[in-house]
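Here is the structure we will look at.
Nothing in this text is a laboratory measurement; each read-out follows from the coordinates by a stated rule. Just so it is clear, the model here is predicted, and its values are computed rather than measured. As a convention, Cβ positions derive from the backbone with ideal geometry for all residues, glycine included, and neighbour counts pool all protein chains shown.
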Ligand SMILES: *Cc1c(COP(=O)(O)O)cnc(C)c1O
């Protein structure tokens, strides 16, 4: 059996350091938003090449606070894509704004800047660019559009820690970056966690900091209606240990992706895009196959676990029917949902396992000739 992702292998590699870090927090008696969170914020900001970072309790909370810090509220419009995890669109709803969806670029599966430009109105307050699967969106064109129209550009970098665009790291590619430390993300907590990053601390930092802890300026002085979105000390301590290994883990993901790219190059699938100047971190290694469900079944029969990210695009989810979109509105996002299959991908996947996955895909598709893409 080859797992889709196995978090126990990573833990075994670093168990001693993690236990020491957790023990230190347990002994300290400080369990919420203390010295560990402050140190992790500093280290994470440095990692992303940002001025400041604000730790929170999930990626969803980070998105919510990013929109609030940018002053987005009811009646405003926020442009994003339907090809994402539902949290991106949910957060827009939390602040009472309307999600205006635009399709993705067919090559990169990230927001199409030309479509984003067409969707801008006087009510547009923000654009949320999702770095889907770990490949940065076309942020230069979006940043130009945003600054010309006085719009805040937000990165949903939940899948893209360590990814790069023109040598700059995700989190520092827009006005505000949002990260998730959900356990299976490239930098995963042993529980929930998230982070906002900002190139400039002045503009949004103080607001985000207040909002995550009940809108307090000083203790029990609430100047904004805020939230309990604080980060746990134990999670911050564990994430500090893991951050030291992240570059190595990202290289391991990229090495496995390169093996798969080579092995599947002449196969009847589309392999993940390689785009000049953008460093993909392969949160998932997603291929597109015409008979995706057949491929998934056949791999499953051989003991290879796979995933689908995501089977239903957000605009076709029941929960978002009120946005007023329907089938056919976003052809590339819909095609992605129908054809995409995520193969096993994590840093501890062995070379032999990776080769077996590639061999199985080639075997399965080799049995179905004549469907060239
Ligand atoms: C994981 C994820 C989120 C949400 O993060 P949580 O920590 O689970 O709240 C948001 N956007 C994208 C693209 C994600 O992959």
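Mean residue ellipticity, 222 nm, helices only, the chain: the sum of -39500 (n - 2.57) across DSSP H runs of n ≥ 4, divided by residue count and rounded to 500, is -12500 deg cm²/dmol. Build a GNM of the chain with springs between Cα atoms under 10 Å apart, and of 271, 14, 127 the one that fluctuates most is 14. For the chain, the relative contact order comes to 21 percent (Cα pairs under 8 Å, sequence separation of at least 6).
Listed peptides 324-334, 273-283, 88-98 appear in the order 88-98, 273-283, 324-334 once ranked by packing, highest mean of other Cβ atoms within 10 Å at the front. The slack in the chain from residue 302 to residue 223, taken as 0.36 nm per residue of separation less the alpha-carbon distance, amounts to 22.6 nm. Between residue 202 and residue 166, full extension at 0.36 nm per residue minus the direct alpha carbon distance yields a gain of 10.5 nm. When the chain is treated as a Gaussian network with alpha carbon springs shorter than 10 Å, the biggest mean-square fluctuation among 60, 124, 20 belongs to 20. Of all beta bridges that DSSP places with both ends in the range 38-196, some 40 percent have antiparallel geometry. Assuming R0 = 35 Å, can you tell me the calculated FRET efficiency for the pair residue 32 and residue 90, based on Cβ-Cβ distance, to the nearest 0.05? That gives a FRET efficiency of 0.90. Taking 7 Å steps out from each Cα toward its Cβ at residue 141 and residue 12 produces label points 4.5 nm apart.
For the chain, the share of DSSP beta bridges that are antiparallel, to the nearest 5, is 60%. Stretching residue 355 away from residue 244 to a fully extended chain increases their span by 37.1 nm, per 0.36 nm per residue minus the current alpha-carbon distance. Computed over the chain, the range of Cα coordinates on each principal axis works out to 68, 53, 37 Å, biggest value leading.
Reducing the range 263-288 and the range 206-259 to their Cα centroids gives an inter-centroid distance of 29 Å.
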